Ligand code: URA
């Protein structure tokens with residue numbers, strides 16, 4: 001077997017065998033297959049597509065390219081949650097404590113932000129002293145004692161994905177259904193949970209921009225998870241505008257705590273309770289996702305969720321007093337407000353643009369080596385459908401570096417306020433969203449579709 005023949009076969013639309021896919025993954029991971037051949041293979045797979053068996057083989061080969069984590073010494077059904085990536089997505093910091101407070105253990109590996117999307121590990125690092133790397137025995141001990149631990153992905157879990165993802169990132173081969181599915185599911189299946197809940201983001205701030213594509217991704221990932229013996233559910237959720245109002249690391253930690261206290265924005269609250277409800281159902285604590293939703297809601301309203309958050313922060317070396325005093329979190333030295341230039345309604349807030357603006361402010365990195373400004377980011381005073389008056393503040397941009405602040409403000413200011421008639425006040429003014437109206441009647445506004453096993 002050689003790589004040239006495998007590339008040629010895929011280029012011509014052939015279906016690869018399990019052995020051929022394994023040959024590629026093993027060879028690229030151990031360095032015997034060079035970047036140029038791997039890039040050619042990925043482009044052929046991107047253009048020709050991969051069928052279900054090929055995707056399953058790719059997922060399996062990447063899963064076994066490194067350690068498969070053994071969480072069997074953690075009591076109870078461990079349920080993982082994964083977002084396909086978005087802007088302002090701080091749900092792990094809300095969903096994790098709520099779910100743990102209701103008795104389902106959360107043993108989670110999270111990622112860092114790259115490009116215009118954020119990552120939970122960066123957000124948690126804005127809490128002084130918080131350790132995002134724990135020895136395996138410490139991780140397991142913490143989950144057994146407090147019900148929750150969140151750490152960064154180690155280099156030993158699915159190393160093939162790490163290498164392949166970095167190459168896809170620079171060869172325009174990220175946005176392919178089979179490649180995304182195998183990338184996400186190989187990591188999740190290697191992380192050792194008993195069940196998985198996937199939050200598939202849909203809209204211009206996500207890899208999947210249409211409901212059809214997001215549904216196909218959700219269904220495929222569920223199929224792969226179940227095929228590996230792990231119950232997997234998917235929820236398709238709105239990423240046409242940022243989730244919540246805060247985008248940026250310490251800003252998002254504050255918004256997550258506000259949500260745990262029952263004072264968060266409606267969209268983040270709704271999504272967090274929905275995800276937690278499904279996790280409680282899959283973790284065997286709720287009869288169905290709706291009962292789980294109510295349990296999570298009660299944990300939020302009773303204060304059990306924020307208490308669990310403080311316990312979790314303390315267990316990982318962070319300062320739990322941040323929950324009572326937000327000034328203990330990093331605060332930016334400079335800020336600028338973006339003002340509306342006319343009366344009207346907010347017609348659109350492109351999640352991708354706000355994510356980019358946040359990245360420019362210093363909150364995100366352009367390359368893996370960049371350091372980030374934990375206090376930087378954007379706070380949206382208005383969301384889609386809100387009425388605005390000329391001169392009112394649409395958003396505030398924060399940064400410690402003044403050049404970065406003005407770059408971020410220039411990006412964020414490309415904001416659309418439509419001069420619509422006064423009677424027009426839609427929940428969702430983006431015309432592309434019209435096709436989701438049927439689904440919106442069935443599910444909360446921000447959660448479009450739920451696929452449970
Ligand atoms: N997230 C991943 O981990 N991999 C992808 O391919 C896309 C999103």
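What follows draws every value from the coordinates through simple rules; no lab data is involved. Just so it is clear, the structure is predicted and the values come from calculations on it, not from any experiment. Note: ideal-geometry Cβ built from the backbone for every residue, glycine included; neighbour counts use all protein chains shown.
Taking a point 7 Å out from the Cα of residue 5 in the direction of its Cβ, none of the residues of the stretch 55-79 has a backbone N less than 12 Å from it. Cβ crowding within 10 Å ranks 28, 379 as 379, 28, fewest other Cβ atoms first. Put in line by how crowded their Cβ is, counting other Cβ atoms within 10 Å and starting with the fewest, 210, 84 read 210, 84. For a modelled paramagnetic label at residue 75, 7 Å from Cα along Cα-to-Cβ, the residues of the stretch 125-148 in reach, with backbone nitrogen under 16 Å, are 140-148.
Do the sum for the chain: with -39,500 (n - 2.57) for every DSSP H run of n ≥ 4, divided by all residues, what is the mean residue ellipticity at 222 nm, to the nearest 500 deg cm²/dmol? Calculated mean residue ellipticity at 222 nm is -13500 deg cm²/dmol. Note on residue 155 and residue 67: their simple-model spin labels are 1.3 nm apart, each label 7 Å out from Cα toward Cβ. What separates the Cα centres of the stretch 246-287 and the stretch 1-73 is a distance of 36 Å. For residue 298 and residue 406, the difference between the fully extended length at 0.36 nm per residue and the C-alpha to C-alpha distance is 34.6 nm. Placing a pseudo-label 7 Å from each Cα along the Cα-to-Cβ vector at residue 290 and residue 266 gives an inter-label distance of 2.1 nm.
Report the FRET efficiency, 1/(1 + (r/R0)^6), for residue 141 and residue 343, where r is their Cβ-Cβ distance and R0 is 41 Å, rounded to 0.05. Computed FRET efficiency for residue 141 and residue 343: 0.10. Listed by Cβ neighbour count within 10 Å, with the fewest neighbours leading, 263, 245, 365 appear as 263, 365, 245.
Can you give the FRET efficiency for residue 321 and residue 133, using 1/(1 + (r/R0)^6), R0 = 22 Å, r = Cβ-Cβ distance, to the nearest 0.05? So the FRET efficiency works out to roughly 0.45.
Full extension of the chain between residue 15 and residue 387 yields a length gain of 128.6 nm, computed as 0.36 nm times the residue separation minus the alpha carbon distance.
Within the stretch 78-196, the percentage of alpha carbon pairs spaced more than 22 angstrom apart rounds to 34%.
Which FRET efficiency, nearest 0.05, do residue 172 and residue 307 yield, Cβ-Cβ r, R0 60 Å? Given R0 = 60 Å and the Cβ-Cβ separation, E is 0.85.
Summarising the label geometry, the points placed 7 Å from Cα in the beta-carbon direction at residue 369 and residue 216 lie 3.8 nm from one another. Restricting the calculation to Cα atoms, the chain yields a radius of gyration followed by a Dmax of 21.6, 68 Å.
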